[in-house]
1. Can you tell me how many residues within the stretch B:277-320 are in a helix (DSSP H, G or I) and touching a helix residue (DSSP H, G or I) at 6+ places or on another chain (Cβ under 9 Å)?
2. Working only within the stretch A:440-475, note down all residues that are surrounded by fewer than 16 Cβ atoms within 10 Å (Cβ to Cβ), closer than 21 Å to residue A:370 by Cβ and touching a helix residue (DSSP H, G or I) at 6+ places or on another chain (Cβ under 9 Å).
3. Does residue B:371 fit the bill of being in a strand (DSSP E or B), outside the structural domain of residue B:404 (by TED's automatic domain parsing), over 30 Å from residue B:256 (Cα atoms) and in contact (Cβ under 8 Å) with a residue 24 or more places away in the chain?
4. Scan the stretch A:287-315 for residues that are exposed (fewer than 14 other Cβ atoms within 10 Å of the Cβ) and within 26 Å of residue A:201 (Cα to Cα) and jot them down.
5. Yes or no: residue B:179 under 29 Å from residue B:463 (Cβ atoms) and free of Cβ contacts under 8 Å to residues at least 40 places away in the same chain?
6. Answer yes or no: is there a residue in the stretch A:113-120 that is at the interface with another protein chain (Cβ under 8 Å from one of its Cβ atoms), within 27 Å of residue A:197 (Cα to Cα) and surrounded by 22 or more Cβ atoms within 10 Å (Cβ to Cβ).
7. What's the number of the only condition in (1) more than 14 Å from every other protein chain (Cβ to nearest Cβ); (2) surrounded by fewer than 18 Cβ atoms within 10 Å (Cβ to Cβ); (3) not in a helix (DSSP H, G or I) that residue B:268 fails to meet?
8. Which helices (runs of 4 or more DSSP H) sit wholly inside the stretch A:382-462 and have at least 3 residues that are more than 38 Å from the chain's Cα centre (by Cα)?
């Protein structure tokens, strides 16, 4: 039996040279990239001269998503005792989640078990959900995930420093019936359920003795929300219908319909207009029923009701399956925490530019959980002026002004954005435009020059990219904590003495992607560069498959693609 | 970006030469075996001379397991209109199911979507469960699988011929609490649930503030049933503990315990004694707590109670998770059907040697659903004798005897087994031993010679091997139905005129396998050949990976093995 003996030989070869096997697969899957593979190297605990462990600060990290996982990946400071609490014992590579809904990629291929990272880093992990943050006592209340038919367990945990990265929950905007009848697309389980539900829809529509209306109802897929997730899911579903359903369910294919509902004027409205137009045209060509300016007002078990925003007219339509992917909402534990720390009136948890939660001590928040409450230049304008006015003359000369320029730009990112928008080379030009050629500037001119700067303030989008950059930023701050406490590297404190410990967080936009199906992806890159097509698809993957994702995930995803390419998508309903 | 351009080049290459991609993967995965790949070739419908479709017989097949899937794979007769009804739209390669419980193999890799086969063969499939067989009206009642929050649908279906291959359900022997608290291991969902539950157990045991007793309880895994499935699951679980848990849950590893309970004297009691002994010793070495001669009498949410058979003493122990894999029970739809056709007193549905259900017309049953009610030689002995005694002399001469020898052996498989056991070359020797050297045999001597033959009658085991051979056998009968109706190829009818249409079903035992963990498999092969070790592991796979399983399944399983080998098992709880 030749197959037998080959396998056996291969087996004993790999048994003898395990690293050869690793290399073989890596070189197969890495696509010619750099080969880097190192076994786990747990951090050694810091020991004092007499061999005793030093008392470490306990850092508790809530969440294992983009923010938390990125923070943990980059954290490298042996002086912290790190404890991770998350109900999900894996990191989920969310950009590929829509691909899981039709089996282009397997859910297991886009998750990274957190225990692996814990082992490598010497961190602790507890599979539990934080249900209450008690900031005044520096302690959290956790509840264990409910294992089958066993009771959940509650327990307290102390912290010295808390890093909150619990993400957000889907936002139904209190639309009646959504919670009960719609699918969401945020977690791996959601994607698996959608996959099962899509296949079940086709199986149900293939049953005998159904009327045409019934089949049409069952196979009417409604996607609510024209953001990247909703658009990508619609596109993936369309691909599945065209590439696979036509073959495996030929008799019911004609009854399928995809409706994409968006309350705004256009889908992908955060993207460049060219992309929006391309996507809308492509969807039209594909036969996806695109309804913009339509708001969902209710979902029953059988019908979805939408309101045409212009006319107020309400239309109800039968549907088979609804996927809800519009906006994010705040988690109850964060809501409660906000009340506690005097942020009860805000829509979302606020941090300063160093990701420290406002109104409490030693708590950081990042990712979709929080937004940075960027300080306005106008609030601080007097302080800035008096700080710069070393001679206390009431005016700034060139030298005085130059001494704070760099700090202003570091402290207030909106300044640079404003200069860029006005196409000015530096802040001196801005001043010049307000003050003519005068070399001395008084407070009024200074105010006037900077008066419009704050219009450039923007909240960062709730994306994986932001969360992961914040995680990395925070970890790097933690890594140099001791050094920077002695020698601060941040900008000048305008309202106090000395300098800030760290540079504030600065987001670098590497581009946004919107996969549009048919192996086409729209990409919006920095510098107004828009690209649509196959090459963007690959660019998209290359960008996301950056440092956070392991070789394991990369090779699993590639092998899933190969599998799908050869065998098609699997239609088994498991 | 080199990775990008490589992928792009590979992509366009495979796009241009898709068959090259297929060949590439196949030659990678097939282990040097024969490369056979053909695209789907749907059967053409038979047309009469004037282009009209002939009226075809409608064959309804219930079930998509080993029996049903094998039948469908080999069925090749264009005169049948085939309709498959099964609640599971895939075939499940059950021998690898225990490997799914710890992630050695993915569930999706060992399933074969049935829609693929349907398309290739031009058969119809309906995802529904048969809930009632109405044999007198040749019709079945089906109920659709309940799609999320939608109501199930019921409908009738007519048949001309019914093939029942619905398998069996787990047998709890009415032990209280088993249904509610134990896991089973029969379906893909079961294996996935067990996998999740095992990981959850470790996460729960890792929670803070637990006593040692609580951790020990959570990590006490109990397996009930020392048959191949229970043994393999225990072995796989043990491998998981040793190879992975030690690394990812180092703090709780010491609290784990596996108990294997078996009511009989030994585990694997259907195997050769050498295998049983080897397995028991290996389990002892591995630290698996093996308790034979112990019967489970009850399972509560926290405790499992066992009775020592010898002493009657009942012991209750705390446990974390119970997997029940002992024996199979009859499905309700079959139970009801048996009452209907007068088999209500039997333990299991009976068919004749041609797999036709006894007591009704045009219904066949195979696999775990039914057993063959083998006819005794002694019941027919007078008929056989009189049929052979062409001269009606009251004795058989050599020539008369010879004329029926072949038919007897074909009709009654126990004869050959008996001869083999007695080490006799043929039936003539048997007669000689009873009759000395007399050339004429009377009925009494004839009876006496064959009197012990029926002791060799055995029910076939409820295995995948039997079901798949029965499916193939039945398909081949159906394929040559028209030919054999004109020219029967079976043995002489002793009680009627002419010959039987087909040879009766004859089971060929290709060996039994029991994977014992640590890449060791015990194999019992025909001719008392027993093999234990790595080579049997490969043999085991080669045998099962026979014609039924597609290249897709084969390559997926191999790639899962490669993944596990390189990256270890995944501990994400999805």
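The values are calculated or read from the model by the stated rules, or taken from the named source; none is laboratory data. Treat the numbers as computed from the prediction; the structure is a model and nothing was measured. Glycine also receives a Cβ, built like all others from the backbone with ideal geometry; neighbour counts cover every protein chain displayed.
1. Final tally of qualifying residues: 4.
2. Correct list: A:458 only.
3. It is true that residue B:371 is in a strand (DSSP E or B), outside the structural domain of residue B:404 (by TED's automatic domain parsing), over 30 Å from residue B:256 (Cα atoms) and in contact (Cβ under 8 Å) with a residue 24 or more places away in the chain.
4. Residues satisfying the conditions are A:287, A:301, A:302, A:315.
5. When the stated conditions are applied, residue B:179 passes them.
6. Yes, there is a match, as at least one residue in the stretch A:113-120 is at the interface with another protein chain (Cβ under 8 Å from one of its Cβ atoms), within 27 Å of residue A:197 (Cα to Cα) and surrounded by 22 or more Cβ atoms within 10 Å (Cβ to Cβ).
7. Here residue B:268 meets the rest and fails (2).
8. Counting at least 3 such residues, we get A:398-411, A:427-435, A:443-450.
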